[in-house]
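Inspection log for the structure reproduced underneath, given as structure tokens.
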Amino acid sequence: MSQGELNCVTGMTRILVTNDDGLRTSGIAALAQALALLGEVYVVAPEDESSAIGHALTLRRPLRIRQVSERWFGVDGTPTDCINIGINRILEGVPDLVVSGINEGWNLGDDITYSGTVAGALEGVLLGAPGMAVSRPRVRGDYDYETVTTAAGHLARSILEDGLPPRTFLNVNVPRRQPQGFKVTVQARRQYTTAVAESCDPRGRPYYWIEKAQLDWEPDARSDYHAVRNGWISVTPLHPDWTAHEAAGAVGRLLDRRQAEALERVFQ
Ligand code: MN
């Protein structure tokens, strides 16, 4: 399908793009370019890198918007700030799709709780727009975006045409090598073993540096980690509901027991 035909099909589709690596990175440029085939792309992204900032919202200082070009904007805040500003002040409405990325480095398993990239898509779904976070492996030297932009474009088109279940968004990670295809996955679990290094500044005061956690993943053939390691594009459906539904029974029994004990004490 030519670009003209695509534009006819999609009409005034609006796509809001953010990331956590910052406005000037090659990943967001490649993503915006790929999504431009599907609609009007608005880029609202952090001025500076804010990886591992999670779902942080800036509430104790003002935020500034800097217009870079017609539909490109920098915000001196987090990916979550960018989605809020994009929807409230730039698009003045909820877009058809929110896409966050393309992150330099995978966002897999338990690590996604730290991810600013995933938080961008999460904020989109909280504000009513379906979306996805897209990440690629970290490599030495230049990265060829073709595989990941093709995958992102394909999934974006699917979401625009068929939608996603309510309050659902996708966490997409592409493998290092030529992919075998898409695979629906679950979050891998990881045994965290972080280290905190101590050193001394020139004035003799100690300072600390959190070091990279060791990659120690629990084996699970259904997991996002397993998929990308075996050459699949991992697509994990996520939602903002943190409730441990399967634990409700156990917690209920625990409360019942404590409740009985507390009542006994009160009536003694
Ligand atoms: Mn990042």
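The values are calculated or read from the model by the stated rules, or taken from the named source; none is laboratory data. The structure displayed is predicted, hence computed values, not measured ones. Counting neighbours? That spans all protein chains shown, and the Cβs are built from the backbone with ideal geometry, glycine included.
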Could you pull out every one of the strands (runs of 3 or more DSSP E) wholly within the stretch 158-214 that has 1 or more residues that are under 22 Å from Gly120 (Cβ atoms)? 169-173, 182-184
Somewhere in the stretch 239-254, is a residue surrounded by 10 or more Cβ atoms within 10 Å (Cβ to Cβ) and within 30 Å of Leu37 (Cα to Cα)? yes
If you check every pair at least six apart or on different chains, which have Cβ atoms under 6 Å apart with a residue in the stretch 70-91 that is surrounded by fewer than 19 Cβ atoms within 10 Å (Cβ to Cβ) first and a residue that is among the aliphatic types (A, V, I, L, M) second? Trp72/Val43
Some residue of the stretch 23-44 being within 11 Å of the ligand (Cβ to nearest atom), more than 26 Å from Arg189 (Cα to Cα) and not aliphatic (A, V, I, L, M): yes
Out of Gly54, Gly153, Gly124, Gly128, I need the residue that is in contact with a strand residue (DSSP E or B) (Cβ under 8 Å, 6 or more places away or on another chain) and touching a residue at least 24 places away in the same chain (Cβ under 8 Å). Which one? Gly124
Within the stretch 64-110, the residues that are more than 16 Å from the ligand (Cβ to nearest atom) and in a loop (DSSP other than H, G, I, E, B) are Arg64, Glu70, Arg71, Asp76, Leu91, Glu92, Gly93, Val94, Pro95, Asp96
Can you find a residue in the stretch 12-24 that is at pLDDT below 95 and over 24 Å from Gly141 (Cβ atoms)? yes
Spot the failing condition for Asp110; the list is (1) within 23 Å of Val235 (Cα to Cα); (2) surrounded by 17 or more Cβ atoms within 10 Å (Cβ to Cβ); (3) of a type in the set (Asp, Glu), and only one is missed. (2)
